[in-house]
Amino acid sequence: MPGGGRRRTPGLRREELAQLAGVGVTWYTWLEQGRPINVSGQVLDAVATTLGLTPVEREHLYRLAEATPMRLPRTTDCASEAVFEEIVEALDPLPAVITNTRFDIVRANRAYNDLFHDWHRLPCIHKNLLWCIITEPTAREQLLNYDTEVPYLVGRLRSAYGEHVGDPDWETDLARLRSICPEFDLLWSKHEVAACTPRVRRIANPDVGEVRLTITELAVSAHPDLLLFIESPADEETRAKLPLTRREATARQV
């Protein structure tokens, strides 16, 4: 804005804000007053940019306007990825893993690695929960409720994909998995979505037999693209067997 005389209060006048945001003064006044006008995401974004709002303030503006937020920048100010390993190891002896919403494994504790050691034998571009379950023969054999677990995970992936349409990393991974796995291609083509649901995973462990684990999923609020999965015994029999799934325990038995 061109320079002017001194003002009694700092900041933009309503007319100046409307001009910089590219909207009419009357329309912007109605927006401030909360009148029932149609507000597009592009206009709200222009107002937010003019006001210099932070990502949190911008999202709050969208919620006040009852509009669908545009994809906002991720914030990592609340936590550092350097502490993830310490956090998941502190959950030992419960198996725990942090993944992104594409199910790439970011951090896993020793209890998790011991329990699912056989699920990651084939060479792969990156460790990914869904890829390993679908493409690793050992995982398919050991996951006793495979027929319900895999459609659920594909549904969760489809739900997360809505925020990543056109993302090269996502599109490349999806295209590769669809090309090598007809089963995934069929499930993906159904366009079914799934919400976070506590569930029991049944595993046929080669050392102790069947174990039943309750899957608890927690969001990492400082990193909205990350999830924390904790697997806890679903019954007392599994609680007694879980220590015997540790690789050091197996080595002692041998």
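The values are calculated or read from the model by the stated rules, or taken from the named source; none is laboratory data. A quick note: this is a predicted structure, and the numbers were derived from the prediction, not measured. FYI the Cβ positions are ideal-geometry reconstructions off the backbone, even for glycines, and counts take in every protein chain you see. Ligands, DNA and RNA are stripped out before the accessible areas are found, and what is left, the full protein with its side chains, is counted by its heavy atoms. Shrake-Rupley method; radii C 1.70, N 1.55, O 1.52, S 1.80 Å.
In the assembled protein chains, W119 presents an accessible area of approximately 10 Å² (probe radius 1.4 Å).
Modelled spin-label separation between I87 and R178, with each label point placed 7 Å from Cα along the Cα-to-Cβ direction: 3.3 nm. Charges only on Cβ, +1 for Lys and Arg, -1 for Asp and Glu: so what's the dipole of the chain about the Cα centre, in debye to the nearest 20? Dipole size: approximately 760 debye. Scaled against the 2.2 N^0.38 Å expected of a compact globular protein of N residues, the Cα radius of gyration of the range 93-181 reads 1.09. Compared with the dominant Cα axis of the chain, that is its longest principal axis, helix 146-161 is turned about 20°. Each residue, D235 and E16, gets one label point 7 Å from its Cα in the Cβ direction; the gap between the two is 7.1 nm. Estimated at the nearest 10 Å², the accessible area of H60 is 110 Å² with a 1.4 Å probe.
Accessible surface of the range 116-204, 1.4 Å probe: 56 percent of it comes from carbon and sulfur atoms. Accessible area per residue for the chain is 58 Å², calculated with a 1.4 Å probe on protein heavy atoms, without ligands, DNA or RNA. Determine how large the accessible area of K241 is when every protein chain is in place; take a 1.4 Å probe and give Å² rounded to the nearest 10. Ignoring ligands and nucleic acids, K241 comes out at about 40 Å².
Segment A46..T26, full-extension length gain: 5.6 nm, with 0.36 nm per residue of separation and the alpha-carbon distance subtracted. Taking 7 Å steps out from each Cα toward its Cβ at E163 and E57 produces label points 2.2 nm apart.
Calculated from the structure at hand, Cα Rg over 2.2 N^0.38 Å is found among [x] 1.37; [y] 1.08; [z] 0.99 as [x]. Between the helical axis of 168-180 and the dominant principal axis of the chain, each derived from Cα atoms, what acute angle in degrees is found, rounded to the nearest 10? Approximately 40 degrees, to the nearest ten.
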